[in-house]
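Everything on this sheet refers to the single structure shown next.
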Amino acid sequence: QTPDHHLAAYAYEKSCYVDMDFTIIEDDSMYNAIQKFSAFKVGSLVVVDGEGNLTGIISERDYITKLALLGKKSKETTIKEVMTTAANLITGSPDDTVETCMDKMLSRSIRHLPLVDTASGKVVGLLSIKDIIKVLVEEKDAEIKQLTKLALGQDEVV
């Protein structure tokens, strides 16, 4: 069994997204998405329908490439016109390892990964690549400390 600190759920608990509502309704305006990006200092939000079902993801990059550069107005454009739809979305599970999440993100060059509960199909979290890196660095630091103790004869490897 994988230790808890190697799982996506652990990374999510340390994420900035854990303390906020990281979802936005697909019929909302891009202007409201931009306000939420700014208020919470985040770069992505999970898009849901009126029942809370995952329909996509929206990012600052989507705003720049699909709205601003095309001269559209953020108050007149809905999120669903701009978002990456669920059909094209890569997701993770809270039970995935952080390494699995990182591989998914790197393979598709994405910076945010929604976490979906496999049993319910509901979105339960959102990770950024920064969250993944923090956990991996934490793990490597712990390994280095343990190996240093072993090399100095101060401790045994656990």
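Observations on the structure shown:
- Its residue count N sets the reference 2.2 N^0.38 Å, and the alpha-carbon radius of gyration of the stretch 28-80 equals 1.08 times that reference.
- Cα-Cα over 27 Å, subset of K73/K130; K72/K104; K72/K134; K75/K134; K104/K140: K73/K130; K72/K104; K72/K134; K75/K134
- Helix 129-151 axis, angle to the chain major axis (alpha carbon atoms, nearest 10°): 0 degrees
- Crossing angle, helix 98-108 versus the chain [Cα axis fit, 0-90 degrees, rounded to tens]: 40 degrees
- In units of the rule-of-thumb radius 2.2 N^0.38 Å, the chain shows an alpha carbon radius of gyration of 1.22.
- Under 13 Å from the S120 label point (7 Å along Cα→beta-carbon), backbone N, the stretch 75-97: 94
- Pairwise FRET efficiency - Q146 versus N53, Cβ, R0 = 25 Å, nearest 0.05: 0.05
Bear in mind that the values in this text are calculations on the coordinates, not laboratory data. What you are looking at is a predicted structure, and each value in this text was computed from that prediction instead of being measured. Here the Cβ is made from the backbone with ideal geometry for all residues, glycine too, and neighbour counts use every protein chain on show.
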